[in-house]
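Where a number appears in this text, it was derived from the coordinates with a stated rule and is not lab data. This one's a predicted model, so the numbers in the text were calculated from it and none came from an experiment. Here the Cβ positions follow ideal geometry from the backbone for every residue, glycine too, while neighbour counts run over all protein chains shown.
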Ligand SMILES: [Zn+2]
């Protein structure tokens, strides 16, 4: 039987699409050769997904393919020489479907790296919204490491982040379980998460408001995401930790606001002291752990948190939330979502500082800023930007 080998052009295109890295182990398969200053050493191989020839030794041979299909780039996968050998010794583990999945995944990863997107800590790459609130029909938004979603009131900004945050805690979508529209449609919200490989989380609400959760298409009784989500959606100054009396202990209030314990907050503050600070100069805790003392960036002395202006207090909140996110991101995928309304009296300079700090410091988490203000006023270079517009009662996301 003749072998349906790949042409040199096909091999070269395949290798380039894989960035000359093995699709299984990611190791480099190209580099300089010592034979000469213009010589190249290629150690990778273009392997057949479905075998090149029938008969003994050929793996995954598919009789139904034509010769042309068998020699096409669709039937090829770029591998290091070890994995090239390995897939031809194990067709039980490396099935046609599995190799196609590995190839697609690798090319996806290379594509994101080419666009400057860092997926090493895991990020949400895409969401799809179908028939939820004013998102009529199908909407899709693609994300990068740093993102801004802008839009006026009632354009669904919060809806998006409530669904994303439901990966962390289902309480965020409680109000959608009680939706009471005239004609309920089957709605779903898909979240695509990428770290090493793609995972799809799907939240479905059927016509009777029954909720089901699927991971990669399979229904799951427990919806546990690999992502830590920090969602700053409540204004700190409006926040009361269930207490009807005005809060006496500011430290308790801040800890409760971030859903952490006072001891954890003390650890975070110790962490802030060792790190570069962006919004404040210094921070310390009173001896009996009931108050915070802050030295703002433009001040020379410590003041009690309670004595700061609203704008200054929000800057402290921002410093704390950045460090909490950075802390989490050292160990797991972390997403920080800040609604502008949660830090409402931070002025334009403060917001710009936040956007630039997160973009430039590479703190390891994915970031979403949810903006009600006019996006043009701010320094948003390096951010993936969407604006949500309401048109004839429908919401339309538009990439800026
Ligand atoms: Zn390999």
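Between the stretch 190-237 and the stretch 1-57, the C-alpha centres lie 38 angstrom from each other.
Here the contact order of the chain, divided by its residue count and restricted to Cα pairs under 8 Å and six or more residues apart, works out to 16 percent.
Net length available on complete extension from residue 82 to residue 62 is 4.8 nm, with 0.36 nm assigned per residue and the Cα-Cα distance removed.
Cβ crowding within 10 Å, taken as a proxy for footprinting-reagent exposure, orders 180, 238 from fewest neighbours to most as 180, 238. Taking the longest Cα principal axis of the chain as reference, the axis of helix 262-274 is set at about 70 degrees.
For the peptides 363-373, 296-306, residues were scored by their other Cβ atoms within 10 Å and the scores averaged per peptide; the highest-first order is 363-373, 296-306. Over the C-alpha atoms of the stretch 8-114, the Rg to Rh ratio, Rh being the Kirkwood estimate, stands at 0.99.
The angle separating the long axis of helix 348-361 from the principal Cα axis of greatest extent in the chain is about 40 degrees.
If one takes the longest principal axis of the Cα atoms in the chain, at what angle in degrees, from 0 to 90 and to the nearest 10, does the Cα axis of helix 8-17 lie? Here the helix axis deviates by roughly 10 degrees. Among beta bridges from DSSP that stay inside the chain, the antiparallel ones total about 70%. Counting only DSSP H runs of at least 4 residues, each contributing -39500 (n - 2.57), and dividing by the residue count of the chain, the helix-based mean residue ellipticity at 222 nm comes to -8000 deg cm²/dmol.
For the chain, with equal point scatterers placed on the C-alpha atoms only and solvent neglected, what are the log10 I(q)/I(0) values from the Debye formula at q = 0.07, 0.08 1/Å, to two decimals? Log10 I(q)/I(0), no solvent term: -0.45, -0.57.
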